[in-house]
1. Taking the range 179-198 as the region of interest, how many residues are under 15 Å from residue 225 (Cβ atoms) and over 25 Å from the mean Cα position of the chain (by Cα)?
2. Among the numbered conditions (1) assigned to a strand (DSSP E or B); (2) modelled with pLDDT under 95, tell me where residue 135 comes up short.
3. Could you figure out which of (1) part of a loop (DSSP other than H, G, I, E, B); (2) at pLDDT 85 or above; (3) touching a helix residue (DSSP H, G or I) at 6+ places or on another chain (Cβ under 9 Å) isn't true of residue 76?
4. Taking residue 62 and the conditions (1) at pLDDT 80 or above; (2) farther than 20 Å from residue 115 by Cβ; (3) surrounded by fewer than 13 Cβ atoms within 10 Å (Cβ to Cβ), which numbered condition does it fall short on, given that it satisfies the others?
5. Which residues, counting only those in the range 18-36, are without any contact (Cβ under 8 Å) to a residue 24 or more places away in the chain and in a loop (DSSP other than H, G, I, E, B)?
């Protein structure tokens, strides 16, 4: 896998609709000052613990897969030590106001904060803010903040049509996509998707893989619906 080595900054774009078709034109995208050292995903499985009549205890049953959640930290700095972010009269106040306008502003059409697309490298997250704290770390003698860290939590958004397909395991329209990681093989990845590794040859054919034994880390593999394998 080849990389250009070009520095790309994490950016957040605000949208007015959950289909992410309409970026909000009067809000400039937010580009982070420093790329995050890490980001964290949380996944939850909702279970139905309703107790059946005549039983002593409920047996947890799968109910749904909750939307994924993302945690990110953002650094704001106007101390003058970072190139391109010189000191200003108001310190980091204007930077944080722009940040708040993108991720926290109330969307009058949807009656909720903006829908957000967060992009950086292989990270592409669509969702909205659920929680944010801002810690001001450094000040001028007059109290103007010149360094701050914002901690944001975001909940993923899945369009209604796609959610319905995801909850229907036999949907002919849903295709899984996976990124190859270290140690992955096509039979192993097929087993994870289908519960059986025997479909790996069909997956290789769909992806036009000449040598499926030499997958590249970072390579994108498409897994068509199981019923099309039969």
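1. Within the range 179-198, residues that are under 15 Å from residue 225 (Cβ atoms) and over 25 Å from the mean Cα position of the chain (by Cα) number 2.
2. (2)
3. (1)
4. All conditions pass for residue 62, except number (1).
5. If the condition is that a residue be without any contact (Cβ under 8 Å) to a residue 24 or more places away in the chain and in a loop (DSSP other than H, G, I, E, B), then 21, 22, 25, 26 are the ones that fit.
The values are calculated or read from the model by the stated rules, or taken from the named source; none is laboratory data. Please read these numbers as outputs of a predicted model, since none were measured by experiment. Neighbour counts are summed over all protein chains in view; Cβ atoms, including those assigned to glycine, are modelled from backbone coordinates with ideal geometry.
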